[in-house]
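So the structure is just underneath, and the comments pick up after that.
The values are calculated or read from the model by the stated rules, or taken from the named source; none is laboratory data. For clarity, every value in this text was computed on a predicted model and none was experimentally measured. Here the Cβ positions follow ideal geometry from the backbone for every residue, glycine too, while neighbour counts run over all protein chains shown.
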Amino acid sequence: MIKKVAILANGGDVSGFNAVIRAIVKTAENNGVECYGFIDGYNGLLKNEFEKLSTANDEHASGILPKGGSIIGSSTNANVFNYKVIENGEVVYKDLSDVCVENIKKDGFDCLFTLGGDGTQKSARDFSLKGVNVIGVPKTIDNDVACTEITFGYNTAVSVAAEALDRLHTTGETHHRIMVLEVMGRYAGWIALESAIAGGADIALIPEIPYDINKAVEKINSRIAKGKRFSIVVVAEGAAPKGGTITIENTRNNGAGVDNTKLGGIGQIVAKQLEHLTGLEARNTTLGYMQRGGTPTAFDRVLSTKYGAKAMELALEEKYGVLTVIKNGKLDYVSLEDVVGNNKTIGAVSGNTAESNIRKVTMDHDLVKTARNIGICLGD
């Protein structure tokens, strides 16, 4: 029987992190297992910084279900298989994963839970090859982790975007403007597409469909012809025009093996183009980090709790090297090898590469069909 487990939260923060942590801890406590949390993701694992997690007597993991963020922090720049260090004033990259493995052994942890997206789970797979007992939980507002139907944090992000669209709707209608909302999602259009449907948008531009701006113009002009002198447009940060490329706001230097590209700016570009081509005033709102923080929705609280409890259940059954997933609407698990797909190289870059296995919107998905059925223009 396992006696001692550790949790780490890695990647961008989402609403639901703490609900997963709470579910793991409570399930562990009900089975006589001690729980600990590494501080600030894989960085904490490398530095061997951790703390005890308990729900007893108002301790650290008590009362955290509605709380946003992560009580044990997170990291967006920690690929310990290709870690950025400074030696003699120069930047070099080193594989420090063996230090992490030794820390886990020295601390006596029987299992490591990795809460994160595709990059986090890629490293989890790499650790499993080094003999670490790992169980992943799929986190990201982008909803792009392979092999699962939904990630925790996504529903809250969509809800925030839908509320923003409700507010932009009244402004656009009052002032006869085109209101553009740029949302997150990186290389996948899930947030943009679902929030567009929920928020009554007229146009949704997503990374999976290179758009023709003239198609958007046609949609707006058809609305004008019907007496509707405003339009609502949702643009995913990773959307790109036909024959063009994604818009990059900045390139960071957070180390090799992580996605250093910061997307952003496409919403403003689309707003200017639509204003020029339609004659209507256009305004862009970039929702940004509003989508990540704050209280999780009831849906995400339940989903996160299900994921956490399932992860601990798998640990008790000693089923390691897996990711908890929702498959056909039910809790399940898959091999981390299936999650990484063709991205097999140890320490390899995750994200929008030919080898990465991120889950994108497919043209036969119900959301695409629904959007087309109700007349949302997808730019094609």
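Ile135 - would you say it is surrounded by fewer than 24 Cβ atoms within 10 Å (Cβ to Cβ), at pLDDT 95 or above and among the aliphatic types (A, V, I, L, M)? The answer is no for Ile135.
For the range 270-298, the set of residues classified as of a type outside the set (S, T, N, Q) and within 16 Å of the chain's Cα centre (by Cα) consists of Leu287, Gly288, Tyr289, Met290, Arg292, Gly293, Gly294, Pro296, listed by residue number.
Restricting attention to the range 270-283, the residues that are surrounded by fewer than 21 Cβ atoms within 10 Å (Cβ to Cβ) and out of contact with any His (no Cβ under 9 Å at 6 or more places or on another chain) add up to 7.
With respect to Gly73, is the statement that it is surrounded by fewer than 23 Cβ atoms within 10 Å (Cβ to Cβ), touching a helix residue (DSSP H, G or I) at 6+ places or on another chain (Cβ under 8 Å) and within 26 Å of Thr251 (Cβ to Cβ) true? It is true that Gly73 is surrounded by fewer than 23 Cβ atoms within 10 Å (Cβ to Cβ), touching a helix residue (DSSP H, G or I) at 6+ places or on another chain (Cβ under 8 Å) and within 26 Å of Thr251 (Cβ to Cβ). For the range 280-312, enumerate the residues that are at negative phi and part of a loop (DSSP other than H, G, I, E, B). Leu280, Glu281, Leu287, Arg292, Gly293, Thr295, Pro296, Thr297 - these are the residues of the range 280-312 that are at negative phi and part of a loop (DSSP other than H, G, I, E, B). Under the condition of being assigned to a loop (DSSP other than H, G, I, E, B), surrounded by 13 or more Cβ atoms within 10 Å (Cβ to Cβ), at pLDDT 95 or above and of a type in the set (Gly, Ala, Ser), the residues counted in the range 344-380 number 1.
Scanning the range 178-203 for residues that are under 10 Å from Val233 (Cα atoms) and hydroxyl-bearing (Ser, Thr, Tyr) yields a total of 0.
Within the range 162-170, the presence of a residue that is farther than 18 Å from Tyr289 by Cα and crowded, with 21+ Cβ neighbours inside 10 Å is excluded. Within the range 1-19, take every residue that is β-branched (Val, Ile, Thr) and over 15 Å from the mean Cα position of the chain (by Cα) and give me the one that is surrounded by the most Cβ atoms within 10 Å (Cβ to Cβ). Among those that are β-branched (Val, Ile, Thr) and over 15 Å from the mean Cα position of the chain (by Cα), it is Ile7. Contact annotation: residue pairs with Cβ atoms under 7 Å, 6 or more positions apart or on different chains, pairing a residue in the range 156-185 that is in contact (Cβ under 8 Å) with a residue 40 or more places away in the chain and closer than 19 Å to Thr297 by Cα with a partner that is of a type in the set (D, E, K, R) and not in a loop (DSSP other than H, G, I, E, B), are Thr156/Asp300; Val158/Glu194.
Using the structure shown, decide if Ile104 is hydrophobic (A, V, I, L, M, F, W, C), crowded, with 17+ Cβ neighbours inside 10 Å and either in the same structural domain as Tyr36 (by TED's automatic domain parsing) or closer than 30 Å to Ser304 by Cα (or both).
So Ile104 fits the description; yes.
The residues of the range 78-136 that are closer than 16 Å to Asn43 by Cβ, aliphatic (A, V, I, L, M) and touching a helix residue (DSSP H, G or I) at 6+ places or on another chain (Cβ under 9 Å), listed by number, are Ala78, Val80, Leu96, Val99, Val101, Ile104, Leu112, Leu115, Ala124. Of the residues Asn31, Asn82, the single one that is more than 27 Å from Lys122 (Cβ to Cβ) and in contact (Cβ under 8 Å) with a residue 60 or more places away in the chain is Asn31. The condition of being in contact (Cβ under 8 Å) with a residue 40 or more places away in the chain, hydrophobic (A, V, I, L, M, F, W, C) and either assigned by TED's automatic domain parsing to the domain that holds Ser123 or touching a His at 6+ places or on another chain (Cβ under 8 Å) (or both) holds for only one of Ile191, Ile232, Ile197, that being Ile232. Any idea which residue in the range 119-131 is surrounded by the fewest Cβ atoms within 10 Å (Cβ to Cβ), counting only those that are in contact with a strand residue (DSSP E or B) (Cβ under 9 Å, 6 or more places away or on another chain) and not aliphatic (A, V, I, L, M)? In this case the residue turns out to be Ser128. Checking each residue in the range 46-79 for being out of contact with any Pro (no Cβ under 9 Å at 6 or more places or on another chain) and touching a residue at least 60 places away in the same chain (Cβ under 8 Å) picks out Gly69, Ser70, Ile72, Gly73, Ser74, Ser75, Thr76, Asn77, Ala78, Asn79.
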